[in-house]
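> Let me give you the structure first, and then I'll get to my questions.
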Amino acid sequence: MSFQIEEVVVRIVRLPLIEPFRVSFGTVKDRDQIVVELRGGGISGWGESAVLPFPFYNHETPGTAQHILKDFAIPLFKKERPTSPQETNRVFEKIVGHRIARSGVEMAYWDWEAKAKGIPLYKHLGGTRSEVPVGISVPLFDDINVLLDRIAGFLEKGYHKIKIKIGPGEDLKLVEAIYTRFGEIPLMVDANSAYTLEHISLFKDLDRFKLMMIEQPLRHDDIFDHAKLQREIKNPICLDESIEHVHDAASAIELGSCKIINIKPGRVGGLTESKKIHDLAAQHGVGVWCGGMLETGIGRAANIAIATLPNYKYPGDIGESARYYHEDIVDPSIALSPRGTMVLPDKPGIGFDVNLERLKKYTRHEERFSMS
Ligand code: OSB
Ligand code: MG
């Protein structure tokens, strides 16, 4: 196969969020999101660089991602002319960090290639299921009753996992209140790096509750202290921020820093790296699940596709469109089945159509790069 991509289109879109999403490091409001389109042979492949508005989750922002795409990733892509998404991932390894930025192009290539072969993306990725149970990530609220009512609504909808956000001062009391109201439910907590080993007594206290897992309690780049913490507590630790590459996953597994891994395709640079981490974790009996970054329907469709691989053992943070946005840019919008699952469309590629009219309505800026 030769290189057949004729043009790369980068669009900066702003899709109004239904409500702000507060976590320990800050609040995500409406923001610039990045949609990447690869055009070639009459086919459009779609991807998303799922950046947050500030460098508080990792080092990336909409500004850095646009810069890396325009000045490094797309020029490298044009120069090296990779003929597969896997080769694109390898070419982009030259770039240190900035994995969310580069992931948009890599994911779009997966969609493009699946469409060129006429098969659904999930099958192209090696997925083994056509329906996946999903969970929901619930932000922090100033009023604990609002949090409890939201959880009640999500449980009623059938979500298979409730993830709450925690941070110093908003931790044990939230878990206690949830147990008091709902008893034992499939519950996990995500600290987004808000603690240090000095808080070890909090994590020992949390062992009173049977949590599915505790996500990223310590530093965003730590693997060592998480191993110390895991040895002291019963609830399993799941790493998010700390795992950017299969090499990090190998270190974490060998050191015992976690028992579960949250794989976000954006954070690790795309679907190829997600597959590598998935496969390595499977070899070591470590289950994984698909995290989210409040993606538009484009990024979420890819998340649903990768979650069909066999070692995605836990429900991902894959909410339906209506939970994030007033209107999504894909058709049909992404909806939960009555079983609390996402059903994979039997269509080539990501399985959802990008609505070009709506995309245009929300596009603030567009840049085209010719590959010839
Ligand atoms: O840590 O998983 C996280 C959102 C923004 C930044 C970080 C995280 C999250 C979520 C939301 O938990 C997941 C989603 O619903 O997309
Ligand atoms: Mg997280």
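The values are calculated or read from the model by the stated rules, or taken from the named source; none is laboratory data. No experiment lies behind these values; they were computed from the predicted model shown. Because the Cβ atoms are built from the backbone with ideal geometry, glycine has one as well, and the counts that use them run over all protein chains shown.
> For residues that are touching a Pro at 6+ places or on another chain (Cβ under 7 Å) and buried (at least 24 other Cβ atoms within 10 Å of the Cβ), scanning just segment 76-112, find the one that is nearest to residue 244 (Cα to Cα). Even if it seems obvious, please write down each step before you answer.
Step one: list which residues in segment 76-112 are touching a Pro at 6+ places or on another chain (Cβ under 7 Å), which gives 88, 91, 103, 106-107, 109-110.
Filter once more, so that each one left must be buried (at least 24 other Cβ atoms within 10 Å of the Cβ): 88, 103, 106-107, 109-110.
Working: 88: 17, 103: 12, 106: 15, 107: 16, 109: 20, 110: 20 Å.
Top of the filtered list is 103.
> Considering every residue within segment 48-57, establish whether at least one is more than 16 Å from ligand 1 (Cβ to nearest atom) and either surrounded by fewer than 17 Cβ atoms within 10 Å (Cβ to Cβ) or at negative phi (or both). Break it down stepwise before answering.
First pass over segment 48-57, keeping only residues more than 16 Å from ligand 1 (Cβ to nearest atom): none.
No, that holds for no residue.
> Out of 365, 284, I need the residue that is more than 16 Å from ligand 2 (Cβ to nearest atom) and in the same structural domain as residue 138 (by TED's automatic domain parsing). Which one? Spell out the reasoning first.
Numbers: 365 fails: in the same structural domain as residue 138 (by TED's automatic domain parsing).
284 is the lone residue from the list that is more than 16 Å from ligand 2 (Cβ to nearest atom) and in the same structural domain as residue 138 (by TED's automatic domain parsing).
> Here is a list of conditions, (1) out of contact with any helix residue (DSSP H, G or I) (no Cβ under 8 Å at 6 or more places or on another chain); (2) part of a strand (DSSP E or B); (3) under 27 Å from residue 129 (Cα atoms), and residue 347 meets all of them except one; can you say which number that is?
Among (1) out of contact with any helix residue (DSSP H, G or I) (no Cβ under 8 Å at 6 or more places or on another chain); (2) part of a strand (DSSP E or B); (3) under 27 Å from residue 129 (Cα atoms), the lone unmet condition for residue 347 is (2).
> If you take the residues of segment 116-170 that are out of contact with any Gly (no Cβ under 7 Å at 6 or more places or on another chain) and of a type in the set (S, T, N, Q), which of them is nearest to residue 320 (Cα to Cα)?
Top of the filtered list is 130.
> Does segment 229-266 hold any residues that are in contact with a Ser or Thr (Cβ under 9 Å, 6 or more places away or on another chain) and farther than 15 Å from residue 215 by Cα, and which are they?
Once the filter is applied, which keeps residues that are in contact with a Ser or Thr (Cβ under 9 Å, 6 or more places away or on another chain) and farther than 15 Å from residue 215 by Cα, segment 229-266 yields 248, 251, 265, 266.
> In segment 280-302, what residues are buried (at least 21 other Cβ atoms within 10 Å of the Cβ), of a type outside the set (Phe, Trp, Tyr) and part of a strand (DSSP E or B)?
Answer for segment 280-302, where residues must be buried (at least 21 other Cβ atoms within 10 Å of the Cβ), of a type outside the set (Phe, Trp, Tyr) and part of a strand (DSSP E or B): 288, 290.
> I'd like to verify a number: residues in segment 18-41 that are within 12 Å of ligand 1 (Cβ to nearest atom), touching a residue at least 60 places away in the same chain (Cβ under 8 Å) and of a type in the set (Gly, Ala, Ser), how many?
Final tally of qualifying residues: 1.
> Let me ask something additional. Looking at (1) surrounded by 21 or more Cβ atoms within 10 Å (Cβ to Cβ); (2) of a type outside the set (S, T, N, Q); (3) within 12 Å of ligand 1 (Cβ to nearest atom), which one does residue 305 not meet, given that it meets all the others?
Residue 305 satisfies all of (1) surrounded by 21 or more Cβ atoms within 10 Å (Cβ to Cβ); (2) of a type outside the set (S, T, N, Q); (3) within 12 Å of ligand 1 (Cβ to nearest atom) except (3).
> Kindly indicate whether residue 337 is farther than 23 Å from residue 185 by Cβ, of a type outside the set (Phe, Trp, Tyr), in a loop (DSSP other than H, G, I, E, B) and out of contact with any Lys or Arg (no Cβ under 9 Å at 6 or more places or on another chain). Spell out how you get there, then give the answer.
Details: farther than 23 Å from residue 185 by Cβ: no; of a type outside the set (Phe, Trp, Tyr): yes; in a loop (DSSP other than H, G, I, E, B): yes; out of contact with any Lys or Arg (no Cβ under 9 Å at 6 or more places or on another chain): yes.
So residue 337 does not fit the description; no.
> Looking at segment 187-230 only, could you name the residues that are away from ligand 2 (no atom under 16 Å from the Cβ) and basic (Lys, Arg)?
Correct list: 204, 208, 210, 228.
> Please name all residue pairs, on different chains or six or more residues apart, with Cβ atoms under 9 Å, provided the first residue is in segment 231-244 and is within 15 Å of ligand 2 (Cβ to nearest atom) and the second residue is β-branched (Val, Ile, Thr) and part of a loop (DSSP other than H, G, I, E, B).
239/223; 242/223; 243/223; 243/268; 244/268
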